[in-house]
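Each remark here refers to the structure printed beneath this line.
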Amino acid sequence: MDGRFSLESLLARYGARRARMQPIYEQMLGVAQQLAEPRILRRSFAAGELPAIASRLPGAEEIVLAVSTLGPRIEAHVASSFEDDPGRAVILDEIANAWVGGLARQLHLTVRDEARARGMLAGPAFRPGIGHWPVALQASIVEALGGSQTGITVLESMMMSPEKSISSIIALGHRLGRSLP
């Protein structure tokens, strides 16, 4: 799973300037491919093992906790190159954001396909810090996945490091209801 994506969605907004922007985006995609270390950490739990999360997911029989990450090298490169070439740094950051988002979407599709093969449903991929899901859950997810041993940590601000990381909560069950606030 590498979350590959097309530059098309990033270039589409440029309209007539697309031809001028495409070589820069292609160059920065090459840089991203050299620096990225795409990984997904995931683990399935019986819903009863995670009562605080399961209480928000009616019908959940299992809960998949996951973190999708590109590792620290892209963000370090963006930070170090921003002063000299802010335009390229911003494009590299944009590509990294799209890539890690694609990685998280690919994880969700895989979990959904695996659930379907088992005769189960998979709910949406909820992300701590979005909607009614407290960002503090990221610490619980990273801890449950052994994050500190994998190089992923949660800062005091509850943001993950590396920054190009996304945590996910996915309910599995035969009869899922709507998530509770």
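The rows are residues; the columns are (1) closer than 30 Å to ARG112 by Cβ; (2) part of a strand (DSSP E or B); (3) open to solvent by 20 Å² or more (accessible area, probe 1.4 Å).
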{"residue": "GLU37", "(1), (2), (3)": "yes, no, yes"}
{"residue": "PHE45", "(1), (2), (3)": "yes, yes, no"}
{"residue": "PRO58", "(1), (2), (3)": "yes, no, yes"}
{"residue": "VAL90", "(1), (2), (3)": "no, no, yes"}
{"residue": "ASP93", "(1), (2), (3)": "yes, no, yes"}
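Applying the selection to the range 1-45, what residues are under 17 Å from the mean Cα position of the chain (by Cα) and of a type in the set (D, E, K, R)? ASP2, ARG4, GLU37, ARG39, ARG42, ARG43, listed by residue number. For the range 125-175, which residues satisfy the criterion of being hydrophobic (A, V, I, L, M, F, W, C), closer than 23 Å to ARG112 by Cβ and open to solvent by 50 Å² or more (accessible area, probe 1.4 Å)? Answer for the range 125-175, where residues must be hydrophobic (A, V, I, L, M, F, W, C), closer than 23 Å to ARG112 by Cβ and open to solvent by 50 Å² or more (accessible area, probe 1.4 Å): just ILE130. Note on the range 23-73: residues that are among the small types (Gly, Ala, Ser) and closer than 14 Å to ASP93 by Cα amount to 4. Considering only residues in the range 61-70 that are open to solvent by less than 20 Å² (accessible area, probe 1.4 Å) and touching a Gly at 6+ places or on another chain (Cβ under 8 Å), the one that is farthest from ALA36 (Cα to Cα) turns out to be VAL67. Out of everything in the range 71-88 that is open to solvent by 30 Å² or more (accessible area, probe 1.4 Å) and of a type in the set (A, V, I, L, M), what residue ends up being farthest from the chain's Cα centre (by Cα)? If we take residues in the range 71-88 being open to solvent by 30 Å² or more (accessible area, probe 1.4 Å) and of a type in the set (A, V, I, L, M), then ALA79 is farthest from the chain's Cα centre (by Cα).
The values are calculated or read from the model by the stated rules, or taken from the named source; none is laboratory data. Owing to the predicted nature of the structure, the values given are computational and were not obtained by experimental measurement. All Cβ positions, glycine included, derive from the backbone under ideal geometry; neighbour counts span all protein chains shown. Surface areas here come from the heavy atoms of the whole protein model, side chains and all, with no ligands, DNA or RNA. Shrake-Rupley method; radii C 1.70, N 1.55, O 1.52, S 1.80 Å.
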